[in-house]
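The values are calculated or read from the model by the stated rules, or taken from the named source; none is laboratory data. Everything quoted here is computed from the prediction, not taken from an experiment. Neighbour counts run over all protein chains shown; Cβ positions are idealised from the backbone, glycine included.
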């Protein structure tokens, strides 16, 4: 059954630019920065913090004081009377965050929830786990970001290995992956047209201290690279004998994003004019066989579409989180879509992947893509660690 009472006010969402590894946001505490950005957004939109009766925080990379995450964030934005959960589900964090908020609204437990996702992949924590039973009483150390990228404890493999496994099984060539990457970079250029007219609908600048007296403003994504067919062809595969290169996979990034999830009446009151209704119809999830993560986007998408009561042929726009070009090749083959029909305005393959907020930016871009021509049905789907994926279906107009 679809969700019947869950809406997103048109325009009541934001994303910061996504900054490259060790870039403009690398020294900023991700939760404190998210609170500052959320406060600025609410002030500009003239939305009082008292509007919200719930808040949810999504993250994947711990920051100092994260133990207090959601209520701390609520207090920092001036909504100290509310609280909510902290959600962490690897790359599916945003989809799970939206699903959780939607279920609370659908059940009548909440009327207006602020869902915020934030992460800083740069300068992630180095953790030490004491183990008095270890040799000499030594414990175990973990680099939160790199060690988890490079080892799934269940399969013993890396995320990169899952892309290579699907490429081998499906027969996707190096050239096909390069072509998809080049296409996505070209699509991203559409968001920069007319002085970034598309991005300015949702991408908001961030003021960042630089020294004691100077402040710089981060206005655009830092990660997109100049990409050419020749340049891609010259890159060596990351793994010996493989097909995935640095050009056909995404990269760690920093940033945050937020979405207001609420009832129909609240959405009408908060929406930007002109305001097409934006309804969150359903979410879905899936898990595939060991070491085949890029495949999971397809069953997750089908699950969400089934719950929404929407036929795949009735989709007007599709966005994916695609850490590898292989993801889109597999998705398009299985769903009967041409690569040109997916990710019209680029994707995380181009602008980077700060984990928690990546999917939220994808959903926001999906809404704006649908709103421009007058509305329609849209699907977001993206894979996540553990050979899983989540998907969200929205209807605009």
Hey, any hits in the stretch 36-50 for a residue that's part of a helix (DSSP H, G or I) and farther than 27 Å from residue 253 by Cβ?
yes
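Any chance you could count how many residues in the stretch 90-139 are in a helix (DSSP H, G or I) and touching a helix residue (DSSP H, G or I) at 6+ places or on another chain (Cβ under 6 Å)?
Our first condition is that a residue be in a helix (DSSP H, G or I); within the stretch 90-139, this holds for 93-106, 135-137.
Now restrict to residues that are touching a helix residue (DSSP H, G or I) at 6+ places or on another chain (Cβ under 6 Å): 94-95.
Within the stretch 90-139, residues that are in a helix (DSSP H, G or I) and touching a helix residue (DSSP H, G or I) at 6+ places or on another chain (Cβ under 6 Å) number 2.
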Scope the stretch 216-245; condition part of a loop (DSSP other than H, G, I, E, B) and within 19 Å of residue 27 (Cβ to Cβ); matching residues
219, 220, 221, 222, 223
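Got a sec? Which helices (runs of 4 or more DSSP H) wholly within the stretch 312-397 have at least 1 residues that are without any contact (Cβ under 8 Å) to a residue 12 or more places away in the chain and more than 17 Å from the chain's Cα centre (by Cα)? Please lay out each step first, then the result.
Working: elements: 325-335, 348-351, 358-371.
Those helices (runs of 4 or more DSSP H) span 325-335.
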Looking only at the stretch 373-395, count every residue that is farther than 26 Å from residue 151 by Cβ, in contact with a helix residue (DSSP H, G or I) (Cβ under 9 Å, 6 or more places away or on another chain) and surrounded by fewer than 24 Cβ atoms within 10 Å (Cβ to Cβ) and tell me the total.
3
What's the number of the condition residue 219 fails, among (1) buried (at least 18 other Cβ atoms within 10 Å of the Cβ); (2) closer than 28 Å to residue 33 by Cα?
(1)
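A quick yes/no check of all residues on (1) modelled with pLDDT of 95 or more; (2) touching a strand residue (DSSP E or B) at 6+ places or on another chain (Cβ under 7 Å); (3) farther than 29 Å from residue 292 by Cβ:
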site: 109; (1), (2), (3): yes, no, yes
site: 121; (1), (2), (3): yes, yes, no
site: 166; (1), (2), (3): yes, no, no
site: 175; (1), (2), (3): yes, no, no
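Return a yes/no flag: does the stretch 45-58 have any residue that is closer than 25 Å to residue 224 by Cα, in contact with a helix residue (DSSP H, G or I) (Cβ under 7 Å, 6 or more places away or on another chain) and surrounded by 24 or more Cβ atoms within 10 Å (Cβ to Cβ). Break it down into steps so the answer makes sense when it comes.
Here is the first cut: in the stretch 45-58, the residues closer than 25 Å to residue 224 by Cα are 58.
Restricting the remaining residues to those that are in contact with a helix residue (DSSP H, G or I) (Cβ under 7 Å, 6 or more places away or on another chain) gives 58.
If we keep only those that are surrounded by 24 or more Cβ atoms within 10 Å (Cβ to Cβ) too, we end up with 58.
There is at least one residue in the stretch 45-58 that is closer than 25 Å to residue 224 by Cα, in contact with a helix residue (DSSP H, G or I) (Cβ under 7 Å, 6 or more places away or on another chain) and surrounded by 24 or more Cβ atoms within 10 Å (Cβ to Cβ).
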Go through the stretch 126-145 residue by residue and tally those that are at pLDDT 90 or above and in contact with a strand residue (DSSP E or B) (Cβ under 9 Å, 6 or more places away or on another chain).
13
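Listed here are the residues, each with its yes/no results for (1) closer than 18 Å to residue 384 by Cβ; (2) touching a helix residue (DSSP H, G or I) at 6+ places or on another chain (Cβ under 7 Å); (3) in contact (Cβ under 8 Å) with a residue 40 or more places away in the chain.
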| position | (1), (2), (3) |
| --- | --- |
| 141 | no, no, no |
| 161 | yes, no, yes |
| 177 | no, yes, yes |
| 183 | no, yes, yes |
If you check 56, 34, 70, 38, which single one turns out to be under 19 Å from the mean Cα position of the chain (by Cα) and without any contact (Cβ under 8 Å) to a residue 24 or more places away in the chain?
70
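Based on what the data block shows, is residue 255 surrounded by 17 or more Cβ atoms within 10 Å (Cβ to Cβ), under 22 Å from the mean Cα position of the chain (by Cα) and farther than 23 Å from residue 38 by Cβ?
On the way: surrounded by 17 or more Cβ atoms within 10 Å (Cβ to Cβ): yes; under 22 Å from the mean Cα position of the chain (by Cα): yes; farther than 23 Å from residue 38 by Cβ: no.
No.
Would you mention how many residues in the stretch 28-50 are farther than 16 Å from residue 72 by Cα and either at pLDDT below 95 or touching a strand residue (DSSP E or B) at 6+ places or on another chain (Cβ under 6 Å) (or both)?
Step one: filter the stretch 28-50 for residues farther than 16 Å from residue 72 by Cα, giving 28, 40-48.
With the extra rule that they be either at pLDDT below 95 or touching a strand residue (DSSP E or B) at 6+ places or on another chain (Cβ under 6 Å) (or both), the set shrinks to 41.
Here the count works out to 1.
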Residue within the stretch 195-215 that is assigned to a helix (DSSP H, G or I), touching a residue at least 60 places away in the same chain (Cβ under 8 Å) and within 30 Å of residue 36 (Cα to Cα) present:
yes
